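These notes concern the structure reproduced below.
The values are calculated or read from the model by the stated rules, or taken from the named source; none is laboratory data. Model, not experiment: these values are computed from the prediction. A quick note on method: Cβ atoms are made from the backbone with ideal geometry, for glycine too, and the neighbour counts reach across all protein chains shown. We work out accessible area using only protein heavy atoms, side chains counted, and drop any ligands, DNA or RNA first. Shrake-Rupley method; radii C 1.70, N 1.55, O 1.52, S 1.80 Å.
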Amino acid sequence: MKYVYVLTSTPKDLYYEQALMSAYSLRKCMPDAEIIVLVDDKTMASFTEENKRTVLSRYASKIIKVDFDADVPNVDRSRLIKTAIPEYVDGSFLYIDCDTIICDDLSEIEKVQAVTGGVLDGHVMLDEHIHKKYFLQRDKKLGFHGTKAAGCNINGGLVLAKADTEAEKQETKALFKAWNEVWKYSAYEKHDKHDQSALNEANYRTGLKMKHLDGKWNCQPSHGGLQFLKDAKIIHYYSSEFSGKNYIPYYKLADKNLQQRIKEEGDIPSDVKEMISEPKFQFNQVHLINDARIVSIMQSPLTFTLADIKAHLPHLFNAMEAFTGGMRAFAKKLRGKN
């Protein structure tokens, strides 16, 4: 089994640093693992001493360069490589997103009774997913049917693909061929470059053959994954989540300041390596919400509007809060009298 990353990065972002941490953690857990990093030509050209980008080769078994026309954007390069991995990697592989930390030996994945597979996004089926409406609306816009047909959305951060037999090879190639074609349609015809919606549509078009793997293989702590943390093989902390200026990372290794230190040093500092050695204990203080009514509206535009009002119009927010508090108190009194 090969372990595959796809990296497109410039010295201005933090994707290289995330990949470096993940590859280091994988090498630490599996000293003899075959780790392959697929990169585009621009990313490969950035691997210089001047850019402090040479350490990744210490942990990767092989770095494979894929050439593109100069005007192809980085996001396209990433998606085009990711959806065509079998063209560059022979045999069975486990694709892993760069914004991950490996917690344990992954060789057990070879015994899983699945040819292709992935972990449920948010660790729940569609009917329980907080983004159910969004997934279905996006599919409708794209003319896709995969999410509704499967009743779920498989997270694209980890994809198992076996190719030890001819039958397995054909199933894997069919899935990725469909994924590549669907993504190109989504990106260039519908101007939607998400790869996860394309993956789920590709799974649908190839017979819904992807198996649902145990959540421990792609533990998403901020999306229902805490129940899998104890046995987690891979922690997927979603690097895109901390792009917002108001985001407070719940996972210490997701902190962009920490990753900036890696960039500046060109290697993983010893204290960060110590953190990686105990990946299941690297959480900042978090506020847990156990009220189902509040959880159900956390992604509502109303919630974000209230947050914006509090940040930019605090006096208006305080007035709204006082009025609402008074109305709730009055309603409680009425209920008490009845």
Among the residues of segment 287-295, are any surrounded by 11 or more Cβ atoms within 10 Å (Cβ to Cβ) and touching a helix residue (DSSP H, G or I) at 6+ places or on another chain (Cβ under 6 Å)? no
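Among the candidates 222, 186, single out the residue that is small (Gly, Ala, Ser), open to solvent by 40 Å² or more (accessible area, probe 1.4 Å) and either in contact with a Leu (Cβ under 6 Å, 6 or more places away or on another chain) or more than 25 Å from residue 110 (Cα to Cα) (or both). Let's see the steps before the verdict.
Values: 186 fails: open to solvent by 40 Å² or more (accessible area, probe 1.4 Å).
Within the list 222, 186, the selection yields 222.
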Could you grab me the full set of residues in segment 184-213 that are over 16 Å from residue 141 (Cα atoms), in a helix (DSSP H, G or I) and of a type in the set (Ser, Thr, Tyr)? 204
Selection count where residues are in contact with a helix residue (DSSP H, G or I) (Cβ under 7 Å, 6 or more places away or on another chain) and either over 24 Å from residue 270 (Cβ atoms) or free of Cβ contacts under 8 Å to residues at least 24 places away in the same chain (or both), scope segment 17-46: 2
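Every residue in segment 89-142 that is hydroxyl-bearing (Ser, Thr, Tyr) and over 22 Å from residue 38 (Cα atoms), please. Walk me through how you get there before you give the answer.
As a first pass, look at segment 89-142 and keep what is hydroxyl-bearing (Ser, Thr, Tyr): 92, 95, 100, 107, 116, 134.
Within segment 89-142, 134 is the sole residue that qualifies.
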Inside segment 214-225, the number of residues satisfying the requirement of being at pLDDT 95 or above and in a helix (DSSP H, G or I) is 4
Residues satisfying the stated conditions in segment 291-332, i.e. aromatic (Phe, Trp, Tyr) and at pLDDT 90 or above: 317, 323
Residue 13: surrounded by fewer than 18 Cβ atoms within 10 Å (Cβ to Cβ) and more than 17 Å from residue 97 (Cβ to Cβ), yes or no? no
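Got a sec? Which of 163, 174, 178 is in a loop (DSSP other than H, G, I, E, B), under 18 Å from residue 88 (Cβ atoms) and open to solvent by 10 Å² or more (accessible area, probe 1.4 Å)? Walk me through it before giving the result.
Working: 174 fails: in a loop (DSSP other than H, G, I, E, B); 178 fails: in a loop (DSSP other than H, G, I, E, B).
After applying the criteria, what remains is 163.
Of the residues that make up segment 17-35, is at least one under 30 Å from residue 190 (Cβ atoms) and either part of a helix (DSSP H, G or I) or modelled with pLDDT of 95 or more (or both)?
Going residue by residue through segment 17-35, those that are under 30 Å from residue 190 (Cβ atoms) are 18-19.
Those left that are additionally either part of a helix (DSSP H, G or I) or modelled with pLDDT of 95 or more (or both): 18-19.
Within segment 17-35 (the criterion being under 30 Å from residue 190 (Cβ atoms) and either part of a helix (DSSP H, G or I) or modelled with pLDDT of 95 or more (or both)), the answer is yes, since at least one residue qualifies.
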Give the residue that is surrounded by the fewest Cβ atoms within 10 Å (Cβ to Cβ), with candidates limited to residues of segment 58-86 that are in contact (Cβ under 8 Å) with a residue 12 or more places away in the chain, outside any loop (DSSP other than H, G, I, E, B) and of a type in the set (D, E, K, R). 62
Flagged in segment 251-286 as assigned to a loop (DSSP other than H, G, I, E, B), in contact (Cβ under 8 Å) with a residue 12 or more places away in the chain and either under 26 Å from residue 47 (Cβ atoms) or open to solvent by 60 Å² or more (accessible area, probe 1.4 Å) (or both), in numbering order, are 255, 266, 267, 268, 286
